[in-house]
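The values are calculated or read from the model by the stated rules, or taken from the named source; none is laboratory data. This structure is a prediction, so every number in the text was calculated from the model and none was measured. Virtual Cβ from ideal backbone geometry, glycine too; neighbours counted across all protein chains shown. In case anyone asks, the SASA skips ligands and DNA or RNA and just uses the protein heavy atoms, side chains included. Shrake-Rupley method; radii C 1.70, N 1.55, O 1.52, S 1.80 Å.
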Amino acid sequence: LVALTRATQVRISSAFHRGEVRRFYDAVVRGDASERLPAAGVALDVILPLARAGSAPPRFRVDPQGAQAHSRVRLVRSGIASSELALEPVTGRQHQLRVHLSHLGHPIVGDPLYDPDARRSERMRLHARAIELAAGVVGNAAPLQLETAAPDFDSAPARSIR
């Protein structure tokens, strides 16, 4: 989402702070997530505080002294080696989804910072699927949802994502 004018950027930024913007992600995580998550389609609210754990690149960890972070996690499909999840960060902390899932024992496949089994040539399997703006944020009369199809992770070249 890119604002073309300063005024639009201010309206969108304010909407984020008021909770009028929702973001939706899809991820493939390591392992059978059905062991730790509710049945497929049922959301789990993960509310764990995050704190900086390092820099260059920045890293975070779950820490009782950290800033509150809230992620909504829903199992889509589980398998022995990996599972597919639908995600919604309710708050917007840096690396929030990545740290929460790693803390649950299911890091995002290919995550160079939080997946200990990531291979250098492997792409991180996290996809920003949609963003939804409440009515009025950018002059829209009704909620506006913008979506994008998932990339073909297996054919696209790997790149570093931090």
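Some notes on this structure:
- Residue among F24, F16 that is in contact (Cβ under 8 Å) with a residue 60 or more places away in the chain, in a helix (DSSP H, G or I) and either open to solvent by less than 50 Å² (accessible area, probe 1.4 Å) or of a type outside the set (D, E) (or both): F16
- All of (1) under 12 Å from V138 (Cα atoms); (2) surrounded by 15 or more Cβ atoms within 10 Å (Cβ to Cβ) hold for A53 with one exception: (1).
- Residues located in region 114-124, provided they are within 28 Å of G19 (Cα to Cα) and either surrounded by fewer than 21 Cβ atoms within 10 Å (Cβ to Cβ) or among the aromatic types (F, W, Y) (or both): Y114
- Residue check, H127 surrounded by 14 or more Cβ atoms within 10 Å (Cβ to Cβ), in contact with a Gly (Cβ under 6 Å, 6 or more places away or on another chain) and in contact (Cβ under 8 Å) with a residue 60 or more places away in the chain: no
- Looking only at residues in region 27-42 that are surrounded by fewer than 14 Cβ atoms within 10 Å (Cβ to Cβ) and small (G, A, S), the one that is nearest to R74 (Cα to Cα) is G41.
- Among the residues making up region 137-154, those that are of a type outside the set (A, V, I, L, M, F, W, C) and either touching a residue at least 12 places away in the same chain (Cβ under 8 Å) or within 25 Å of S102 (Cα to Cα) (or both) are Q145, E147, T148, P151, D152, D154.
- Residues being more than 18 Å from the chain's Cα centre (by Cα) and in a helix (DSSP H, G or I) - total across region 27-57: 2
- For region 67-103, the set of residues classified as in contact with a helix residue (DSSP H, G or I) (Cβ under 8 Å, 6 or more places away or on another chain), surrounded by 21 or more Cβ atoms within 10 Å (Cβ to Cβ) and not in a strand (DSSP E or B) consists of A69 only.
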